[in-house]
Amino acid sequence: MSNRNSIAALVALVFVITLLTAVRSSAQNATDVRPVRVPEGAKLKVQGVVSVRSGDTFKVRDPAGNETTVLLTSSTDVTSHWRGLRGKQDYPMTYIMRGLRLQAQGRGDADGNLVADWVRFDEQDLRAAQALEQTDDLARENNARVAAAEEAALKAEEQARIMQAHIAENTALANEAREKAEAAQATADQAFKDAAMANNRINGLDDYETIKTISVLFRVNSSIINATARKQ
């Protein structure tokens, strides 16, 4: 019994992998899809994989890329395939999901849709589709987390850029202030030197040595030095 269970599990795993590959390949070749319009009143049976599920409608795509829109009604019979003594299992319409391999039969309506009388699928295909849906949910969650992380990284990068700009601006202002302070200090130092030199000259006026005394004679009531005084 355990060997049979192991073999069944292995077969199911291989089937899921094969189905995932087929769905991914189908998504990659979405440009090759050819919509099929069912003639009004014509009876038709389609078989393929559900590519889109929306409300009461879903699209079935066959391996050739033909895609038929199937409309579900309250009278549509949704079951598993007949399996010997087990018969078939009834399922709610909600079990029809993207990635499910199924068969559907009905008649065309005025819009070219296939109004389904019944829908059949294998229970193993249903499990594979459910696994695919869970995988897609996880992928969407991961993509959302990655997008949030990327957005946070962009915000952090923008904040770092703004901080860097502020730092550069403050550095430029600090350099300008330092240059002005250095220029003011140089001016003050030069003024101090000039004042010291002037002070030395003023203090040195009284610091002299008498070498010779000369009498300078002027005429009475005159400020003009005569020739003899000029020679002396």
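The values are calculated or read from the model by the stated rules, or taken from the named source; none is laboratory data. Nothing here was measured: the structure is a model prediction, and the numbers come from that model. As a convention, Cβ positions derive from the backbone with ideal geometry for all residues, glycine included, and neighbour counts pool all protein chains shown.
Among the candidates 149, 129, 156, single out the residue that is under 33 Å from the mean Cα position of the chain (by Cα) and touching a residue at least 12 places away in the same chain (Cβ under 8 Å). Write out each step before concluding.
On the way: 149 fails: touching a residue at least 12 places away in the same chain (Cβ under 8 Å); 156 fails: touching a residue at least 12 places away in the same chain (Cβ under 8 Å).
Only one candidate qualifies: 129.
When the residues of the stretch 173-232 are filtered to those that are among the charged types (D, E, K, R) and outside any helix (DSSP H, G or I), which remaining residue is farthest from the chain's Cα centre (by Cα)? If we take residues in the stretch 173-232 being among the charged types (D, E, K, R) and outside any helix (DSSP H, G or I), then 219 is farthest from the chain's Cα centre (by Cα). Can you find, within the stretch 91-100, the residue that is farthest from residue 51 (Cα to Cα) among those that are surrounded by fewer than 20 Cβ atoms within 10 Å (Cβ to Cβ) and in contact with a helix residue (DSSP H, G or I) (Cβ under 9 Å, 6 or more places away or on another chain)? Filtering first and then ranking leaves 91. Only residues that are closer than 15 Å to residue 41 by Cα, part of a strand (DSSP E or B) and among the hydrophobic types (A, V, I, L, M, F, W, C) were counted across the stretch 95-127, and they come to 3. Taking the criterion of being touching a strand residue (DSSP E or B) at 6+ places or on another chain (Cβ under 8 Å), over 19 Å from residue 52 (Cβ atoms) and surrounded by fewer than 19 Cβ atoms within 10 Å (Cβ to Cβ), the residues of the stretch 72-90 that qualify are 75, 77, 79, 81, 88, 89, 90. Among the candidates 157, 141, single out the residue that is at pLDDT below 85 and of a type in the set (Asp, Glu). Being at pLDDT below 85 and of a type in the set (Asp, Glu) holds for just one of 157, 141, which is 141.
Within the stretch 56-71, the residues that satisfy the criterion of being among the hydrophobic types (A, V, I, L, M, F, W, C) and surrounded by 14 or more Cβ atoms within 10 Å (Cβ to Cβ) are 58, 60, 70, 71.
Kindly establish whether residue 43 is more than 22 Å from residue 123 (Cα to Cα) and of a type in the set (Lys, Arg). Explain how you work it out, then say what you get.
Details: more than 22 Å from residue 123 (Cα to Cα): yes; of a type in the set (Lys, Arg): yes.
Criteria met by residue 43.
Select from the stretch 9-55 the residues that are of a type in the set (Ser, Thr, Tyr), part of a helix (DSSP H, G or I) and surrounded by fewer than 14 Cβ atoms within 10 Å (Cβ to Cβ) and write down the one among them that is modelled with the lowest pLDDT. I'd like the intermediate steps shown before the answer.
Residues of the stretch 9-55 that are of a type in the set (Ser, Thr, Tyr), as a first pass: 18, 21, 25-26, 31, 51, 54.
Add one more test, that the residue is part of a helix (DSSP H, G or I), and what stays is 18, 21, 25-26, 31.
With surrounded by fewer than 14 Cβ atoms within 10 Å (Cβ to Cβ) added as a condition, the list becomes 18, 21, 25, 31.
On the way: 18: 54, 21: 53, 25: 49, 31: 59.
Among them, the one singled out is 25.
If you go through the stretch 56-94 and keep only what is closer than 17 Å to residue 111 by Cβ, of a type in the set (Val, Ile, Thr) and in a strand (DSSP E or B), you end up with 57, 60, 68, 69, 70.
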